Amino acid sequence: MAIVMEEHELRQLVQSCRFAARNGKIPDYIPALKKADPGLFGCVVCNGEKTITAGEVEEPFTLQSVSKIISLALALMDKGEEAVFQKVGMEPSGDPFYTLQALEEGRPSRPMNPMINAGALAVTSLLAGNSTEEKLGRLLAFVHELTENTSINICEETAQSELEHADLNLALCHYMKSHGVVHGNMEELLEVYIKQCALRVTCRDLAKIGSVIGRNGNDPATGRSIIPPRIARIVKTFMVTCGMYNASGEFAIKAGIPTKSGISGALVSALPDGTGIGIVSPPLDEKGNSAGGVKLLETLAERRKLSIF
Ligand code: GLU
């Protein structure tokens with residue numbers, strides 16, 4: 001199967017998008033993330049048969065909000081749709097990802113969707129496992145299976161740094177507990193969530209994850225099903241409707257590629273032909289998406305007519 005473009009074209013594209021990254025800003029609310037190299041820019045495109053790369057693709061970074069699609073898939077596999085969507089809605093919020101406001105306004109009070117922090121915390125609370133270690137172990141095993149990379153681990157430095165500055169996420173947990181959305185020990189829930197965000201990957205891993213999701217959950221190498229097709233479809237749909245924070249509508253119009261972003265500057269895209277795209281470029285635009293990465297995907301989508309719409 002043909003890949004979206006030749007490697008030399010991808011290299012040119014990455015080179016030409018580096019300027020867009022200069023307009024972005026490294027986020028400063030998690031101290032460890034402030035150390036990110038603003039000049040880092042990597043992109044991997046893979047479709048199971050072929051992999052092309054451009055830029056600094058071996059540099060590791062943390063998943064941050066990209067992990068929300070992984071925990072969602074696992075929670076849906078663990079507990080089923082009914083249990084998950086009892087706790088969290090399916091609608092885009094149009095609000096920033098950390099907001100408390102929508103929780104206060106909702107009747108009953110439940111997060112609008114699994115891609116905002118409150119929703120992701122509620123989803124993480126559903127993961128099967130009797131302890132923090134067991135839940136994280138299962139998440140890690142799932143990521144290893146999706147990426148075929150068993151060397152992926154948790155960046156403890158980033159996790160510790162975020163844990164020390166997690167008052168808002170802890171407040172979301174307690175607010176939801178008081179409304180019966182989540183139960184148990186909130187510090188433990190916060191720890192699982194923050195450590196899932198601190199999973200350390202490369203662009204290769206992201207591209208592989210995108211390829212599996214694009215193939216409706218099938219491993220591009222073996223054809224084996226890792227995520228049931230219906231769950232992969234739910235994940236892809238959330239990537240389109242809520243994957244790019246409160247810029248999801250604009251991105252759907254300009255690029256039209258199911259994509260999830262994270263504040264580390266990571267982006268994972270899943271094309272319907274089973275092509276996965278993994279990007280990292282840490283400076284973020286005002287909505288919290290990688291400025292250079294968004295430029296790259298919009299340009300690629302326009303040139304190769306990749307919009308799914
Ligand atoms: N760990 C970050 C937080 O919860 C992730 C945010 C993001 O990537 O959107 O604030």
Filtered residues of segment 212-248 (kept if within 19 Å of Asp273 (Cβ to Cβ), of a type in the set (A, V, I, L, M) and within 16 Å of the ligand (Cβ to nearest atom)): Met239
Residue satisfying condition, being within 15 Å of the ligand (Cβ to nearest atom), surrounded by 15 or more Cβ atoms within 10 Å (Cβ to Cβ) and either closer than 25 Å to Cys203 by Cα or of a type in the set (D, E, K, R) (or both), within set Leu139, Leu74: Leu139
Enumeration of residues in segment 110-148 that are part of a loop (DSSP other than H, G, I, E, B) and among the small types (Gly, Ala, Ser): Ser125, Ala128, Gly129, Ser131
Could you tell me which residue of segment 142-166 is surrounded by the fewest Cβ atoms within 10 Å (Cβ to Cβ), considering only residues that are over 14 Å from Val192 (Cα atoms) and of a type in the set (A, V, I, L, M)? Ile152
Applying the selection to segment 77-92, what residues are under 12 Å from Met115 (Cβ atoms) and either within 13 Å of the ligand (Cβ to nearest atom) or of a type in the set (D, E, K, R) (or both)? Glu91
Please verify whether segment 253-267 includes one or more residues that are open to solvent by 10 Å² or more (accessible area, probe 1.4 Å), away from the ligand (no atom under 16 Å from the Cβ), free of Cβ contacts under 8 Å to residues at least 12 places away in the same chain and under 17 Å from Met115 (Cβ atoms). no
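Here is a check on your reading of the model: is Ala54 in a strand (DSSP E or B) and open to solvent by less than 20 Å² (accessible area, probe 1.4 Å)? So that I can check it myself, show each step before the final result.
Numbers: in a strand (DSSP E or B): yes; open to solvent by less than 20 Å² (accessible area, probe 1.4 Å): yes.
Criteria met by Ala54.
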Any residue in segment 164-180 that's touching a residue at least 60 places away in the same chain (Cβ under 8 Å): show its pairings with residues that are more than 13 Å from the ligand (Cβ to nearest atom) and open to solvent by 90 Å² or more (accessible area, probe 1.4 Å) at Cβ separation under 6 Å, as long as the two are six or more apart or on different chains. none
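Answer with yes or no whether Ser131 is open to solvent by 20 Å² or more (accessible area, probe 1.4 Å), among the polar types (S, T, N, Q) and out of contact with any Phe, Trp or Tyr (no Cβ under 9 Å at 6 or more places or on another chain).
The answer is yes for Ser131.
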Those residues of segment 92-103 which are free of Cβ contacts under 8 Å to residues at least 60 places away in the same chain and either of a type in the set (D, E, K, R) or part of a loop (DSSP other than H, G, I, E, B) (or both), in sequence order: Thr99
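The values are calculated or read from the model by the stated rules, or taken from the named source; none is laboratory data. Just so we're clear, the structure is a prediction, and the values are computed from it rather than from any experiment. Note: ideal-geometry Cβ built from the backbone for every residue, glycine included; neighbour counts use all protein chains shown. SASA here: full protein model, heavy atoms, side chains in, ligands and nucleic acids out. Shrake-Rupley method; radii C 1.70, N 1.55, O 1.52, S 1.80 Å.
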